[in-house]
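Colleague: Pasting a structure here, questions to come.
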Amino acid sequence: MHRQEFINKLKNHAIKGWHQYKILPSLTIAQAILETGWGKSSLGNNLFGIKADSSWTGKKQLATTNEYVNGEKITIQAWFRDYNTIYESLEDRYRFLQAKRYAKVVGEINYKTACMEIWKAGYATDPQYPAKLIQIIEQNNLQGIDRQAMLPVISNWALEGWNFCTSKGLIDGTRPKDNMTREEFAVLLRRVIK
């Protein structure tokens, strides 16, 4: 799979993850890239290398992995969570990151801080983990997806008002220097004349 295809496959769900769980899309996608080598890993759709501890009741797979202990890289065998689809993996990770130890990751809007905080919370043992994530984010402009995710969500009534007012030629999309935008006025007007 081409790299941009891999990003595109995760993009909408990563944006949804921001709206529902407040996990930065750039962090989500960068972790999936790093943990799977751009989707090449075959750990049962586990995009994030989440291990299956004793509380995990779902499917699991035994695999060889690298860990860092006292700064030294070692190879171990460990059980990893196994999912039917990558989207199950995404949803499970969002819930996994709601644990108290990841509190500084949830809602963080700076991708560099989020990368550092997820590592500090113990997500990975590799001392270069934050730097690797940041490099992936910057090389692939994933921070642009963060900006897109943080745009205001337009409600249906606002969209209806927008469509009505543009069809009547009442707005042209520019913002005046006053307190209310033309779009906001158009929505208000639409509500008044219903």
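Colleague: Peptides 45-57, 111-123: what's the order by average Cβ count within 10 Å, highest mean first?
Modeller: 111-123, 45-57
Colleague: Percentage of Cα-Cα pair distances in the stretch 1-133 greater than 20 Å, rounded to whole percent?
Modeller: Across the stretch 1-133, Cα pairs with separations above 20 Å total 44 percent.
Colleague: Still on this structure, please answer the following. Quick one: accessible area per residue over the stretch 1-156, 1.4 Å probe, rounded to a whole number of Å²?
Modeller: Per-residue value: 55 Å².
Colleague: Label-point separation (nm) for Q139 and K22, each offset 7 Å from Cα along Cα-to-Cβ?
Modeller: Label-label distance for Q139 and K22, simple model: 3.2 nm.
Colleague: With all protein chains present, how much of the accessible area of the stretch 1-112 (probe radius 1.4 Å) comes from carbon and sulfur, to the nearest whole percent?
Modeller: Carbon with sulfur: 48 percent of the solvent-accessible area.
Colleague: Across 10 Å bins from the origin, how do the percents of Cα pairs in the stretch 1-73 run, short distances first?
Modeller: P(r) over the stretch 1-73, rounded to whole percents: 17, 40, 35, 8.
Colleague: While we're here: On a 30 Å Cα-Cα criterion, which of the cross-link pairs K22/K73; K9/K73; K22/K168; K9/K132; K9/K168; K11/K73 come out too long?
Modeller: K22/K73; K9/K73; K22/K168; K9/K168; K11/K73, as the Cα separations exceed 30 Å there.
Colleague: Taking the Cα-to-Cβ direction at D126 and at S55 and moving 7 Å from each Cα, how far apart do the two end points lie in nm?
Modeller: 2.5
Colleague: Give me the extension gain from Q98 to S41: residue separation times 0.36 nm, minus the current Cα-Cα distance, reported in nm with one decimal.
Modeller: Result for the pair: 18.0 nm of gain on full extension.
Colleague: Another one. Answer rounded, prolate or oblate for the stretch 62-135, using the Cα gyration tensor with square roots of eigenvalues a ≥ b ≥ c: rounded when a/c is under 1.5, else prolate when a/b is larger than b/c, else oblate.
Modeller: The shape class here is oblate.
Colleague: Multiply the residue gap between Q77 and E5 by 0.36 nm, knock off their C-alpha separation, and tell me the result in nm, one decimal place.
Modeller: Contour length minus the Cα-Cα distance gives 22.8 nm.
Colleague: Straight-line reach from K59: which lysines fall under 23 Å, measuring Cα to Cα and dropping same-chain residues less than 8 apart?
Modeller: K40, K51
Colleague: For a quick protection proxy, order the peptides 124-130, 65-71, 27-33 by their average other-Cβ count within 10 Å, most packed first.
Modeller: Ranked by mean Cβ neighbours within 10 Å, highest first: 27-33, 124-130, 65-71.
The values are calculated or read from the model by the stated rules, or taken from the named source; none is laboratory data. Worth saying up front: this structure is predicted, and the values here are computed from it rather than measured. FYI the Cβ positions are ideal-geometry reconstructions off the backbone, even for glycines, and counts take in every protein chain you see. The protein model used for the area step is the full one, side chains on, heavy atoms only, and it has no ligands, DNA or RNA in it. Shrake-Rupley method; radii C 1.70, N 1.55, O 1.52, S 1.80 Å.
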